[in-house]
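Notes follow the structure.
The values are calculated or read from the model by the stated rules, or taken from the named source; none is laboratory data. None of these values were measured; they are calculated from a predicted model. Note that we place each Cβ from the backbone using ideal geometry, even for glycine, and neighbour counts take in every protein chain shown. Accessible surface areas use protein heavy atoms only, side chains included; no ligands, DNA or RNA. Shrake-Rupley method; radii C 1.70, N 1.55, O 1.52, S 1.80 Å.
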Amino acid sequence: MWDKPALLNWIANLLYALSMVAVLYAVVYVVVHLPIFPLREVKVDGELHHVSREQVKLIVAKHLKGNFFTLDLINARNAFEKLPWARNVSVRRRWPDKLEVVIEEHEALARWGSTALVNKQGELFHAASGSDLPVFYGPDNGVIEVASQYDSLNKVLQSAKLQAATLALTPRRAWQITTTNGMVLELGRVEMQPRLEKFANIYSSILVRLNKKITYVDLRYPSGFAVRKPTEALNTEKENVTSVEGNQQAAGVANTKQRDLNVTKNSATQNNATQKRKGTVT
């Protein structure tokens, strides 16, 4: 081998190249891990209404490890996405010492039963909210369907100065609305919006003027709808009828007693008159 200059040159070049790679790697490793490239600023952008400054500080302290070069951006993004109100998160470096984080928050549209919240994209998320939100009910695969129907149906109700408190989709794909004033509207499975529009027009022009509370409306008829009044009102009417009948019966008894008293008095008067006539004859 020693008598082969070409082979020796090839080996020498290989060793030289390996040594240069090792030196370069060592320099890069030392430079990257030296504290001369620390992250000095984490900038959080986005329309934030629920993500707090304290939550951001906690994530920075617990999950953002390393300097400008060694920070794992994927882990950083995953940490911010664990925030309850964070829907989408993007993370990027800005030379020389800044990390930019853009957070898109969920916009709560309603509650999904008592288990979660629904955003405007029809996605479920778990967070705490004190807002007065409508409540959706339905099968697990019906979240997007219910959320997409809510806006159009609620706009029809608002034209009659009503507001949806709950919107339910049954397993048979039938729709039901409960308004904030306690009125239940059965819409059925087809032509929900035309049926609701017909009811809203009649409600705002006629029914609301009657000043009668309505508890249930069945809109599943092809050419009309059925309205149910409160049970309390029916009971009150029955009580009024019973009271009237009782008063009539009491008045009848009083009249009977009065007639009996008058008959007795008349009989006594007649008897006295007869005795006087007998005395005169004698």
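Take the Cβ atoms of LYS155 and TYR25, set R0 to 51 Å, and the FRET efficiency comes out at 0.20. On full extension of the chain, what length is gained from VAL190 through HIS50, given 0.36 nm per residue of separation minus the C-alpha to C-alpha distance? Using 0.36 nm per residue and subtracting the Cα-Cα distance, I get 46.5 nm.
Using a/c under 1.5 as the rounded threshold, could you call the stretch 53-125 rounded, prolate or oblate? The axes a ≥ b ≥ c are square roots of the C-alpha gyration tensor eigenvalues, and prolate needs a/b larger than b/c, oblate otherwise. Since a/c reaches 1.5 and a/b is larger than b/c, the shape of the stretch 53-125 is classed as prolate.
Extending 7 Å from the Cα toward the beta-carbon at both ALA226 and ASN181 defines two label points whose distance is 2.3 nm. For the stretch 127-186, rounded, prolate or oblate, judged on the Cα gyration tensor with a ≥ b ≥ c (square roots of eigenvalues), a/c < 1.5 rounded, else prolate if a/b > b/c? It is oblate, given that a/c is not under 1.5 and a/b is not larger than b/c. Sorting the segments 63-71, 191-199 by their residues' average number of neighbouring beta-carbon atoms within 10 angstrom, most packed first, yields 191-199, 63-71. For the set VAL23, VAL60, solvent exposure ranked by accessible area (probe 1.4 Å, protein chains only) runs largest to smallest as VAL23, VAL60. What FRET efficiency comes out for the pair GLU41/ILE74, r = Cβ-Cβ distance, R0 = 22 Å, nearest 0.05? Computed FRET efficiency for GLU41 and ILE74 comes out at 0.60. Can you tell me the relative contact order of the stretch 97-232? Whole percent, Cα pairs under 8 Å, sequence separation 6 or more. Relative contact order for the stretch 97-232 comes out at 15 percent. Model label points for SER129 and SER204, set 7 angstrom from Cα along the Cα-to-Cβ axis, are 2.6 nm apart. Computed from the C-beta positions of VAL102 and LYS62, the FRET efficiency with R₀ = 22 Å rounds to 0.65.
In the stretch 82-187, taking the dipole from charged Cβ atoms about the Cα centre, the farthest positive-side position among VAL101, PHE125, LEU153 is held by VAL101.
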